[in-house]
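The values are calculated or read from the model by the stated rules, or taken from the named source; none is laboratory data. Bear in mind the structure is a predicted one, so any value in this text is a computation, not a measurement. Because the Cβ atoms are built from the backbone with ideal geometry, glycine has one as well, and the counts that use them run over all protein chains shown. Accessible surface is based on the protein model in full, side chains and every heavy atom, while ligands, DNA and RNA are left aside. Shrake-Rupley method; radii C 1.70, N 1.55, O 1.52, S 1.80 Å.
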Amino acid sequence: MNDRMKQAAIEEYQIMLDQFLESDDIVYHFPSHLNKLERAIIHDMAEELSLLHYSNGIRRERHIVVAKHPPILDGGVYDHKQGQWVSIPSDAPDIVECDNFTVLNLNVLFEGIGSDISDIICTDIRIPAIFKFLEEQDASIITLQEVTPDFYNFLLEQSWVKDKYYISDRVGSSITPSGNFLLSQFHISKNYQYYYTKSPKCFICWGSTFKSRK
């Protein structure tokens with residue numbers, strides 16, 4: 001890309017970013033066909049505008065996302081009367097009273113997109129075993145990494161999850177194509193997803209307020 005083409009690209013991306021800033025949208029997705037230099041230009045421009053900027057997707061679908069603030073995840077709780085996961089009620093208790101709590105962290109193993117390694121990593125055996133292990137541990141807070149949509153959907157079907165846990169994302173927006181997921185026996189009052197700059201890697205920022213009974 002010569003200087004003239006680079007300047008034209010900058011002007012084009014500046015228009016896109018200006019329109020985004022003037023809109024009510026929280027995030028903007030750039031197309032995935034951009035080359036390495038074009039992506040670098042966008043990252044630099046977003047940094048100057050104090051916008052969050054990160055990569056999302058894999059392989060040919062990987063693209064840049066810019067955001068005005070960290071995405072707010074729609075946490076959920078299972079409503080047995082409605083038979084579905086619903087948003088956490090606004091009147092849920094903000095302060096949790098407890099003497100102690102346990103935290104369990106587990107990487108559940110990303111299987112890849114478009115790959116056929118399920119037999120190699122024993123998916124049919126491994127996932128039920130993970131669910132059984134998590135249920136037996138009965139941890140107050142469970143944090144999971146490399147969760148895929150299939151794992152997510154299977155997990156939310158488990159009766160012990162429906163009965164005991166709030167979840168960090170009831171619609172699955174944080175796990176495309178894979179991501180982090182949190183289950184908590186305590187009310188989730190703050191729930192954001194942060195991305196590392198120029199990277200598809202992210203982490204969940206979750207909050208609850210605890211008060212000792214002692």
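If the condition is being hydroxyl-bearing (S, T, Y) and not in a helix (DSSP H, G or I), then the range 12-47 contributes S23, Y28, S32. Selection within the range 136-167: residues that are more than 21 Å from D79 (Cβ to Cβ) and hydroxyl-bearing (S, T, Y). The member of this set that is farthest from the chain's Cα centre (by Cα) is S140.
The residues of the range 121-180 that are of a type in the set (D, E), more than 23 Å from G83 (Cα to Cα) and touching a residue at least 24 places away in the same chain (Cβ under 8 Å) amount to a single one, E146. Quick check on the range 139-146. Is at least one of its residues assigned to a helix (DSSP H, G or I) and at pLDDT 90 or above? Scanning the range 139-146 turns up no residue that is assigned to a helix (DSSP H, G or I) and at pLDDT 90 or above. Checking each residue in the range 79-113 for being of a type in the set (V, I, T), modelled with pLDDT of 90 or more, part of a strand (DSSP E or B) and open to solvent by less than 90 Å² (accessible area, probe 1.4 Å) picks out only V86. Among the residues of the range 48-64, those identified as surrounded by 12 or more Cβ atoms within 10 Å (Cβ to Cβ), outside any loop (DSSP other than H, G, I, E, B) and touching a residue at least 40 places away in the same chain (Cβ under 8 Å) are L52, H53, Y54, S55, N56.
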